[in-house]
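These notes concern the structure reproduced below.
Please treat every number below as a calculation from the coordinates, not as lab data. The shown structure was predicted, so the numbers you read here are calculated from the model rather than taken from an experiment. Cβ coordinates were reconstructed from backbone atoms using ideal geometry, including for glycine residues, and neighbour counts include every protein chain displayed.
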């Protein structure tokens, strides 16, 4: 789901993304967006005919950005530990600097049974993209003798994702943004062969 968006549509999508990271799909309405963006609800409907369309667009944009970030990290860092550190560092920066405290796809995944299929499909696609990238990174680390061996790179990628999203939960629930950094560093230390 890619499309050209006007500057106002991008502003609406950007604010919607912040609302999604705070509370998920059911936590806001077009009235919340209209008040913040300075536009009528009818005008929002002009850009995004339905909430489903708006959120699906937001997740599609989020997914594109994530894939670009994976490509950037893979090109920027040849060493698997540096690549993983870049991924952790991105989220550490977001959480500690109040940019975003949670992955919107992780929040939406918790709501998956009640989401429209267009959104659910984008959410599942994001996790497929992330799993493939992490599995490749982890397997490379094993092959280079950096990470402890494991039986299934894909399963280990899911464990890593669970740890990252769990660290987000811990940071949010404890009210301590530095908790994310502490927990992901512990996970990395367990992966490494010493």
Open item on the list: Quick check on region 155-170. Is at least one of its residues buried (at least 16 other Cβ atoms within 10 Å of the Cβ), in contact (Cβ under 8 Å) with a residue 60 or more places away in the chain and farther than 15 Å from residue 106 by Cα?
Closed with: no
Open item on the list: Quick check on my filter: what residues within region 59-75 are within 18 Å of residue 15 (Cβ to Cβ) and either exposed (fewer than 14 other Cβ atoms within 10 Å of the Cβ) or free of Cβ contacts under 8 Å to residues at least 12 places away in the same chain (or both)?
Closed with: 65
TODO: Could you list all residues from region 1-26 that are within 15 Å of residue 106 (Cα to Cα) and either part of a helix (DSSP H, G or I) or touching a strand residue (DSSP E or B) at 6+ places or on another chain (Cβ under 8 Å) (or both)?
DONE: 17, 18, 19, 20, 21, 22, 23, 25, 26
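Among the residues of region 98-118, is there at least one that is in contact with a strand residue (DSSP E or B) (Cβ under 9 Å, 6 or more places away or on another chain), surrounded by 13 or more Cβ atoms within 10 Å (Cβ to Cβ) and in a loop (DSSP other than H, G, I, E, B)?
No: zero hits.
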Task: Conditions (1) closer than 29 Å to residue 18 by Cβ; (2) assigned to a helix (DSSP H, G or I); (3) more than 12 Å from the chain's Cα centre (by Cα); (4) free of Cβ contacts under 8 Å to residues at least 12 places away in the same chain; number of the one not met by residue 94 - done: (3)
TODO: For region 3-26, name all the residues that are exposed (fewer than 15 other Cβ atoms within 10 Å of the Cβ) and over 19 Å from residue 98 (Cα atoms).
DONE: 3, 4, 6, 7, 10, 26
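State the number of residues belonging to region 171-188 that are without any contact (Cβ under 8 Å) to a residue 40 or more places away in the chain and outside any helix (DSSP H, G or I). Give the steps one after another, and end with the answer.
Filtering region 171-188 down to residues without any contact (Cβ under 8 Å) to a residue 40 or more places away in the chain leaves 173-176, 179, 182-183, 186-187.
Of the ones still in play, those that are also outside any helix (DSSP H, G or I) are 175-176.
Adding up the residues that qualify gives 2.
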- [ ] Could you identify the single residue in 74, 78 that is in a loop (DSSP other than H, G, I, E, B) and closer than 30 Å to residue 146 by Cα?
- [x] 78
Task: Members of region 119-154 that are buried (at least 17 other Cβ atoms within 10 Å of the Cβ) and not in a helix (DSSP H, G or I) - done: 147
